[in-house]
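Trainee: Provided herewith is a single structure, encoded as structure tokens, for subsequent inquiry.
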Amino acid sequence: MRYISTRGDSPKSQTKSFCEILLGGLAPDGGLYLPEAYPTVSRAELDAWRHLSYADLAFAVLSKFIDDIPPADLKALTRKTYTAEVYCNARPGDDANEITPLRWLEPGLGILELSNGPTLAFKDMAMQMLGNLFEYVLAREGEEINILGATSGDTGSAAEYAMRGKRGIRVFMLSPHGRMSPFQRAQMYSLPDPNIYNIAVRGMFDDAQDIVKAVSNDAAFKAKYRIGAVNSINWARVAAQVVYYFKGYLAATRSADEPVDFAVPSGNFGNICAGHVARMMGLPIGQLVMATNENDVLDEFFRTGVYRPRTPQQTFTTSSPSMDISKASNFERFVFDLVGREPSVVRDLWSRIDAGEGFDLSKTPYFVDLPRFGFVSGSSRHADRVETIRRVFDTYGVTVDTHTADGLKVAFEKRRPGIPMVALETALPAKFEEAIVEALGRKPERPRSMEGLESLPQRAEVMDVDPEAVKRYIVEQLAR
Ligand SMILES: *Cc1c(COP(=O)(O)O)cnc(C)c1O
């Protein structure tokens, strides 16, 4: 399997292998990597995969994307990643060995539990695999990497829990000082591993992000100190997320003739992009139901054909904060497919985005073609979220978090008779106590692994908004 850039003309000689793009982010031309052609899955394969463990299903799916890791090694990596010990927060009544159990709320409507990993959010599903892939490839190449990132909560903690204790990897994670929830702060700052460095920046999330950009733009520093990233555009993360669409599909059906719809709470378009890839591979997905919160830039596109990224100032802070985005970094991957994989069209559209404008496809053949990709969309506001959390608890006795509630709100609107709807759960309610208290008048249950979390000792280096100070800190730590 060779990989191409959404913006490049990629002659054969410039395509890349999986391991070549694993540690990087953007392609040199500023585009995102995608397989040269999507691998396909036959009906017979799907039938044969029905009884595989999650780890072996992950091996089967990822093998289609990875041909430069020997199969026996890749299998060992998926088996090391997807274990009941890692996904230990399965709820009572679940089989933890399922990794992502499908919980039926009623016939035809289920929740795929993706949040049983160490940080209680679906990002663990791919990030844990990434941690093991990174460690393996770095060891093979005798290399090291220093991951630099900024987080407002979920991504940073998922990255730290995936990379903790890994050889050849250090994580320097910037977070806004005093602005994360006590739970999120405790999750990150209590990690004792010497390869994890938390930097609390006296500023906002955007300040932290700007520091990461400034450091990464210093090419000499970046090369000398082997600075890397694990952001949501990383192809391996998308590929690892494809697996649970297969798992959810197989759990919801008895034969590979039946279509299944999926509802996906969306922000950066990474999660649902994996659903799009699964559908392009031939998994019988009917609709991909994309749900946004008040930050509805993607919903607007699927309804109108107009893509109009917002500025950070125009971005609302909501009770489903992990979906508070102004532009969707993975969206370019879908648009590449939508415009017939024509890099010159993508280049043109994104030159307008980079100039701070949007684009309008409403009067183009591409928009006419859009229904072929199965997307339908909707959005949800705070009051919908609270009402959905109540409704789901009162009707089914199940507590869902605010992001999953956004997905369910739109799932209820878009359900079709006779076709199962699988709503992806993206976090556990324990992560967002405040909204649950508002909706249900009580705190959500907390998995046993998280009890007493806030009383553990914490450590973080508090710093000003100053890229040079962050660089000095990194250099000092590497010298120790
Ligand atoms: C990251 C995240 C999302 C959004 O996923 P994208 O891949 O960015 O679309 C939704 N819910 C939760 C809880 C998340 O952490």
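For every residue, the table says whether it meets (1) crowded, with 24+ Cβ neighbours inside 10 Å; (2) near the ligand (Cβ under 9 Å from one of its atoms); (3) among the polar types (S, T, N, Q).
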{"position": "Ser255", "(1), (2), (3)": "no, no, yes"}
{"position": "Cys273", "(1), (2), (3)": "yes, yes, no"}
{"position": "Met281", "(1), (2), (3)": "no, no, no"}
{"position": "Pro284", "(1), (2), (3)": "no, no, no"}
{"position": "Glu294", "(1), (2), (3)": "no, no, no"}
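Trainee: May I pose another question? Scan segment 397-406 and tell me whether some residue there is open to solvent by 20 Å² or more (accessible area, probe 1.4 Å), modelled with pLDDT of 95 or more and either within 30 Å of Asp206 (Cα to Cα) or away from the ligand (no atom under 16 Å from the Cβ) (or both).
Mentor: yes
Trainee: Could you identify the single residue in Pro420, Pro429, Pro343 that is crowded, with 23+ Cβ neighbours inside 10 Å and away from the ligand (no atom under 16 Å from the Cβ)?
Mentor: Details: Pro429 fails: away from the ligand (no atom under 16 Å from the Cβ); Pro343 fails: crowded, with 23+ Cβ neighbours inside 10 Å.
Result: Pro420 is the single residue among Pro420, Pro429, Pro343 that is crowded, with 23+ Cβ neighbours inside 10 Å and away from the ligand (no atom under 16 Å from the Cβ).
Trainee: Continuing with the same structure: Checking the structure you have, find out if any residue of segment 209-219 is in contact with a strand residue (DSSP E or B) (Cβ under 6 Å, 6 or more places away or on another chain) and of a type outside the set (A, V, I, L, M).
Mentor: Yes, some residue in segment 209-219 is in contact with a strand residue (DSSP E or B) (Cβ under 6 Å, 6 or more places away or on another chain) and of a type outside the set (A, V, I, L, M).
Trainee: Go through Val475, Val462, Val376 for me and flag whichever is touching a residue at least 24 places away in the same chain (Cβ under 8 Å) and crowded, with 16+ Cβ neighbours inside 10 Å.
Mentor: Val376
Trainee: Looking only at segment 311-328, count every residue that is open to solvent by 30 Å² or more (accessible area, probe 1.4 Å), within 15 Å of the ligand (Cβ to nearest atom) and within 15 Å of Glu357 (Cα to Cα) and tell me the total.
Mentor: Adding up the residues that qualify gives 1.
Trainee: Just give me the residues in segment 208-218 being modelled with pLDDT of 90 or more and either within 16 Å of the ligand (Cβ to nearest atom) or closer than 29 Å to Pro35 by Cβ (or both), in sequence order.
Mentor: Once the filter is applied, which keeps residues that are modelled with pLDDT of 90 or more and either within 16 Å of the ligand (Cβ to nearest atom) or closer than 29 Å to Pro35 by Cβ (or both), segment 208-218 yields only Val212.
Trainee: Wholly within segment 170-275, which helices (runs of 4 or more DSSP H) include no fewer than the required count, namely at least 1 residues that are under 30 Å from Thr311 (Cα atoms) and free of Cβ contacts under 8 Å to residues at least 12 places away in the same chain?
Mentor: 205-217, 219-224
Trainee: Hey, another quick one. For segment 296-326, what are the residues that are touching a Lys or Arg at 6+ places or on another chain (Cβ under 7 Å) and within 20 Å of Gly407 (Cα to Cα)?
Mentor: Answer for segment 296-326, where residues must be touching a Lys or Arg at 6+ places or on another chain (Cβ under 7 Å) and within 20 Å of Gly407 (Cα to Cα): Val297, Glu300, Ser319, Ser320, Ser326.
Trainee: What's the total number of residues in segment 1-14 that are farther than 15 Å from Arg341 by Cα and in contact with a strand residue (DSSP E or B) (Cβ under 6 Å, 6 or more places away or on another chain)?
Mentor: Here the count works out to 1.
For (1) out of contact with any Leu (no Cβ under 7 Å at 6 or more places or on another chain); (2) assigned to a helix (DSSP H, G or I), each residue gets a yes or a no:
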site	(1), (2)
Asp47	yes, yes
Lys80	yes, yes
Cys88	yes, no
Thr100	no, no
Leu105	yes, no
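Trainee: Tell me the residue from Ala159, Ala126 that is under 22 Å from Asp210 (Cβ atoms), modelled with pLDDT of 95 or more, within 14 Å of the ligand (Cβ to nearest atom) and surrounded by 23 or more Cβ atoms within 10 Å (Cβ to Cβ), please.
Mentor: Details: Ala126 fails: under 22 Å from Asp210 (Cβ atoms).
Going through Ala159, Ala126 in turn, just one is under 22 Å from Asp210 (Cβ atoms), modelled with pLDDT of 95 or more, within 14 Å of the ligand (Cβ to nearest atom) and surrounded by 23 or more Cβ atoms within 10 Å (Cβ to Cβ): Ala159.
Trainee: Taking into account only those residues within segment 13-54 that are of a type in the set (A, V, I, L, M, F, W, C) and free of Cβ contacts under 8 Å to residues at least 40 places away in the same chain, which is farthest from Gly275 (Cα to Cα)?
Mentor: Among those residues, the one meeting the criterion is Ala27.
Every residue, every condition in (1) at negative phi; (2) within 16 Å of the ligand (Cβ to nearest atom); (3) open to solvent by less than 20 Å² (accessible area, probe 1.4 Å); (4) touching a Lys or Arg at 6+ places or on another chain (Cβ under 6 Å), yes or no:
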residue	(1), (2), (3), (4)
Gly117	yes, yes, yes, no
Gly142	no, no, no, no
Ile145	yes, no, yes, yes
Leu148	yes, no, yes, no
Thr151	yes, yes, yes, no
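Trainee: Related question: Answer with yes or no whether Leu148 is within 18 Å of the chain's Cα centre (by Cα), touching a residue at least 40 places away in the same chain (Cβ under 8 Å) and outside any helix (DSSP H, G or I).
Mentor: Answer is yes for this residue.
Trainee: Still on this model: Out of segment 208-231, which residues are farther than 17 Å from Ile325 by Cβ and among the charged types (D, E, K, R)?
Mentor: Asp218, Lys222, Lys224, Arg226
Trainee: Going residue by residue through segment 311-328, is there one that turns out to be modelled with pLDDT of 95 or more, polar (S, T, N, Q) and out of contact with any Asp or Glu (no Cβ under 9 Å at 6 or more places or on another chain)? Write out each step before concluding.
Mentor: We begin by selecting, within segment 311-328, every residue modelled with pLDDT of 95 or more; these are none.
For segment 311-328, residues modelled with pLDDT of 95 or more, polar (S, T, N, Q) and out of contact with any Asp or Glu (no Cβ under 9 Å at 6 or more places or on another chain): absent.
Trainee: Please indicate, with yes or no, whether at least one residue in segment 332-340 is at pLDDT below 95, away from the ligand (no atom under 16 Å from the Cβ) and either assigned to a loop (DSSP other than H, G, I, E, B) or surrounded by 22 or more Cβ atoms within 10 Å (Cβ to Cβ) (or both).
Mentor: Step one: list which residues in segment 332-340 are at pLDDT below 95, which gives none.
Within segment 332-340, not a single residue is at pLDDT below 95, away from the ligand (no atom under 16 Å from the Cβ) and either assigned to a loop (DSSP other than H, G, I, E, B) or surrounded by 22 or more Cβ atoms within 10 Å (Cβ to Cβ) (or both).
Trainee: Moving to a separate point now. Checking Asp261 against (1) within 16 Å of the ligand (Cβ to nearest atom); (2) out of contact with any Phe, Trp or Tyr (no Cβ under 9 Å at 6 or more places or on another chain), only one condition comes out false. Which one?
Mentor: Answer for Asp261: the failing condition is (1).
Trainee: Could you say which residue among Gly275, Gly228 is out of contact with any Pro (no Cβ under 8 Å at 6 or more places or on another chain) and under 21 Å from Glu98 (Cβ atoms)?
Mentor: None of the others qualify; the one that does is Gly275.
The values are calculated or read from the model by the stated rules, or taken from the named source; none is laboratory data. Please read these numbers as outputs of a predicted model, since none were measured by experiment. Every residue, glycine among them, receives a Cβ derived from its backbone with ideal geometry; neighbour counts consider all protein chains shown. Only protein heavy atoms, including side chains, enter the accessible area calculation; ligands, DNA and RNA are left aside. Shrake-Rupley method; radii C 1.70, N 1.55, O 1.52, S 1.80 Å.
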